[in-house]
Amino acid sequence: MNYDQRRAELADFLKTRRLALQPEEVGLPERPSRRTPGLRREDVADLAGISACWYSQLEQARNIRVSDHVLNSLAEALRLNAAERDYLLTLANEDARSSANVPADGVPPTLQRILDSQHPHPALALGPRFNILAWNQARTDVYGDLAKIPPAHRHMLWLFFGGHMREMIRNWEPSARSVLAEFRAATGLYVHEPWFTTLVRELSQSSTDFRRWWRQHEIERHHVTTREVEHPFVGRMVLEESVLVVDDRSGRRIILEIPRPGTGTEKKLTALSWQSHQVQDQSWHVLRKRGSGEQWSNHF
C-alpha cells in the first residue's frame, strides 16, 4: 500500500489548518508586518508543546510515528472541531491504515425496499467510497435516471462536479462543497488506495472548482442541509437532506430528501410521482397491444 500518500495527506491537512488560523485566534500577538497568512510552524509547535523541528517533519510528510497524546495536542493547538480531530487521528493511525478495506458494493433487497418505501421522497444509498449503490423512483423523477450514467461515474462527487446537478441546484456551491467535505471526512482510511487517488486525479483534471476546493482540505460531518432544486417541469423545490448510516459495518449510508414545509414541495413531488406512473402505465399498454395474449404472457 502507498503509505506515502497517507503521510502527504496528513502533512497537507496540518498545513492548511495552520494557514487558516490567525495569531489572535489562538492568543498570540498580532503581527501586522507579517506577509504570509496564518500561524508559523513554530507557533503550532509551541502551542502543542512539541519541538518545531519535529512538527516540521510532520508537515514535510516524513515517516515518523505520532502518539495519540501528541495528535490531540496538535488538534487543540489548531482548534480542530470534532470531525477534523477524528480525521487527523485516522490519517495518523498506523493500525487503521493497515486494516482498511472497502466492503463489497452489493445491495441487499432490504436496502432497496427501504429506499422504495420513501416514495415520493427522493432517496439513494451510498457505499463507503460515496459511490451510488441504489436509488428509488422518486430520485429519478427529480434528478434523472442514474442508470443512464456509466457505473464508473455513478458517484456523488461526479454528480456534483461532472454532471447536471450544477444547473438543477440553485445553491450548488455550498451543496457541492459540503458533499466534498463529507467525502473527505468519511474516507480518511482510504487515501492511499488506488481508487481514491484515481478519483481525485480525474476530478481535478475535469473540474476547476473541485481542484480549487480540494486544496483547501475542508472536513465536515453531515448535518441536515437544504437543497434548492429547479425542476424543468414543476419549478422550484426545497428539500432538506438527511443521512442515515446503515449499522452493519458496511460503510453504507442512506440519503433522504424531505420537502421543507410551507414551500409547496410535497405537492410537486406527488405530481412528479403521478406523472411517472402515467408514463409507466402507457408503456405497459403499448407493450400489451404489440403482442398476442400468448406473447404477452411470456413476458411474466
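The values are calculated or read from the model by the stated rules, or taken from the named source; none is laboratory data. Here the structure is a predicted model, which means the values were calculated and not measured. Don't worry about glycine lacking a Cβ; one is built from the backbone with ideal geometry, like all the others, and counts go over all protein chains shown.
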Check His222 against each of (1) outside any loop (DSSP other than H, G, I, E, B); (2) closer than 23 Å to Leu115 by Cα; (3) in contact (Cβ under 8 Å) with a residue 24 or more places away in the chain; (4) under 15 Å from the mean Cα position of the chain (by Cα) and name the one condition it does not meet. (1)
Can you confirm whether region 149-166 contains a residue that is surrounded by 16 or more Cβ atoms within 10 Å (Cβ to Cβ), touching a residue at least 12 places away in the same chain (Cβ under 8 Å), assigned to a helix (DSSP H, G or I) and over 16 Å from the mean Cα position of the chain (by Cα)? no
Could you list all residues from region 1-27 that are at pLDDT 85 or above and not in a helix (DSSP H, G or I)? Leu21, Gln22, Gly27
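Report, by residue number, each residue of region 243-255 that is at pLDDT 95 or above and surrounded by fewer than 18 Cβ atoms within 10 Å (Cβ to Cβ).
Initial filter on region 243-255 (at pLDDT 95 or above): 254-255.
Residues satisfying the conditions do not exist here.
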Just to verify a result, which residue in region 54-77, among those that are in a loop (DSSP other than H, G, I, E, B) and among the aliphatic types (A, V, I, L, M), is modelled with the highest pLDDT? Ala61
Can you give me the number of residues within region 167-204 that are surrounded by fewer than 21 Cβ atoms within 10 Å (Cβ to Cβ) and outside any helix (DSSP H, G or I)? 5
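Working carefully through the options Ile132, Ile114, find the one that is surrounded by 16 or more Cβ atoms within 10 Å (Cβ to Cβ) and assigned to a helix (DSSP H, G or I). Before the answer, list the steps.
Details: Ile132 fails: assigned to a helix (DSSP H, G or I).
Of Ile132, Ile114, the one residue that is surrounded by 16 or more Cβ atoms within 10 Å (Cβ to Cβ) and assigned to a helix (DSSP H, G or I) is Ile114.
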Within region 42-90, take every residue that is in contact (Cβ under 8 Å) with a residue 12 or more places away in the chain and among the aromatic types (Phe, Trp, Tyr) and give me the one that is farthest from Arg18 (Cα to Cα). Tyr87
Can you confirm whether Trp135 is without any contact (Cβ under 8 Å) to a residue 60 or more places away in the chain, within 27 Å of Glu25 (Cβ to Cβ) and of a type in the set (Phe, Trp, Tyr)? no
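Using the structure shown, decide if Phe183 is at positive phi and in contact (Cβ under 8 Å) with a residue 40 or more places away in the chain.
Numbers: at positive phi: no; in contact (Cβ under 8 Å) with a residue 40 or more places away in the chain: yes.
No; evaluated as a whole, the condition is false for this residue.
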Criterion first (at pLDDT below 95, of a type in the set (Ser, Thr, Tyr) and not in a loop (DSSP other than H, G, I, E, B)) does Thr140 satisfy it? no
